[in-house]
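Colleague: Here you go, one structure.
We did not get these values from a lab; they are worked out from the coordinates using the rules stated. As the structure is a prediction and not an experimental result, all values here were calculated from the model. Positions of Cβ are backbone-derived with ideal geometry, glycine not excepted, and every protein chain shown enters the neighbour counts.
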Amino acid sequence: QKEVEQNSGPLSVPEGAIASLNCTYSDRGSQSFFWYRQYSGKSPELIMFIYSNGDKEDGRFTAQLNKASQYVSLLIRDSQPSDSATYLCAVVGRSNDYKLSFGAGTTVTVRA
Amino acid sequence: EPEVTQTPSHQVTQMGQEVILRCVPISNHLYFYWYRQILGQKVEFLVSFYNNEISEKSEIFDDQFSVERPDGSNFTLKIRSTKLEDSAMYFCASSDISPVNTGELFFGEGSRLTVL
């Protein structure tokens, strides 16, 4: 079983719509959860993190965490063409684990 | 704004040769990482380094790989005898807080390694 699983996409949404990205993880003891964005040929950059169950909003982005279901999601509201990128879910496992494990990413294309 | 810098940006080498990839993490950061990304694939963890020693390494990080922090500022990844399958983008990252405490990893722009 993969540590972090994401739908690879591509996910195509019209400009102004909501893009919904999903991620599941296998380690029930996972502590911290991150969403990174990676433009083609570039390095990952942090969008936001979440560590408590529920929702966390930051501008047009909302992360949702459900530890019981081992599920974390990212909503992008009012999607813009500049949001077109690959979105990486990343998870830290046990409390003494320094490793950030990445999913394969979901590619999002926002159509103008 | 402080950033992680990596050199070289692109290196081409022959199979079996040794390669050293260099990174200068952000100066007050304590946690250092190497990740790699084979073209079209996911970002894979190689190794983490804290308090001048390896804190964790993956199955990929076998005896042909080593890391050093030779002078308190640089952080290097050495691949002793490169193989074709080592061709990838190698990312260095650093953070001031452990990711288990939601510390953000700041990534460098990457070093693309091509093994012929």
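Colleague: Just to confirm the filter: which trypsin sites (Lys or Arg not before Pro) across the range B:59-116 are DSSP coil and have at most 15 other Cβ within 10 angstrom of their Cβ?
Modeller: Here the trypsin sites (Lys or Arg not before Pro) that fit, given the DSSP loop and packing criteria, are B:Arg80, B:Lys83.
Colleague: Taking the Cβ of each residue in A:Ser84, B:Ser73 as the centre, tally the other Cβ atoms inside 10 Å and list the residues starting with the fewest.
Modeller: B:Ser73, A:Ser84
Colleague: Given H placed on each backbone N at 1.01 Å, which residues far from A:Ser30 in sequence or on other chains put an amide H within less than 5 Å of it?
Modeller: none
Colleague: Modelling each spin label as a point 7 Å along the Cα-to-Cβ direction, I'd like the A:Gln80/A:Ala17 distance in nm, to one decimal.
Modeller: In this crude spin-label approximation the distance works out to 1.9 nm.
Colleague: OK, next. Have a look at B:Gln64, B:Gln14, B:Gln41 and tell me which one the Gaussian network model of chain B (Cα, springs below 10 Å) gives the largest fluctuation.
Modeller: Evaluated over chain B, the most mobile residue of the options is B:Gln41.
Colleague: Could I ask something else about it? Would you mind giving the mean number of other chain beta-carbons within 10 Å of the Cβ of each residue in A:49-57, as a whole number?
Modeller: Averaged over the peptide's residues, the number is 1.
Colleague: Scan around B:Glu109 for amide H atoms under 5 Å from its own, H built in the peptide plane at 1.01 Å from N, and keep only partners 5 or more places away or cross-chain.
Modeller: So B:Glu109 has HN proximity to B:Gln6.
Colleague: Continuing with the same structure: For the range A:17-64, rounded, prolate or oblate, judged on the Cα gyration tensor with a ≥ b ≥ c (square roots of eigenvalues), a/c < 1.5 rounded, else prolate if a/b > b/c?
Modeller: Oblate, since a/c reaches 1.5 and b/c is not below a/b.
Colleague: Between B:Ile60 and B:Ser27, what FRET efficiency follows from the Cβ-Cβ distance if R0 is 25 Å, with the result rounded to 0.05?
Modeller: Efficiency, from the Cβ-Cβ distance: 0.30.
Colleague: Mind giving me the nanometre distance, one decimal, between the label points for B:Ser81 and A:Ser8, set 7 Å out from Cα along Cα→Cβ?
Modeller: Simple spin-label model gives 3.3 nm for this pair.
Colleague: Something else: Lysine pairs, Cα distance under 22 Å, 8 or more residues apart or cross-chain: how many in chain A?
Modeller: Lysine pair count for chain A: 5.
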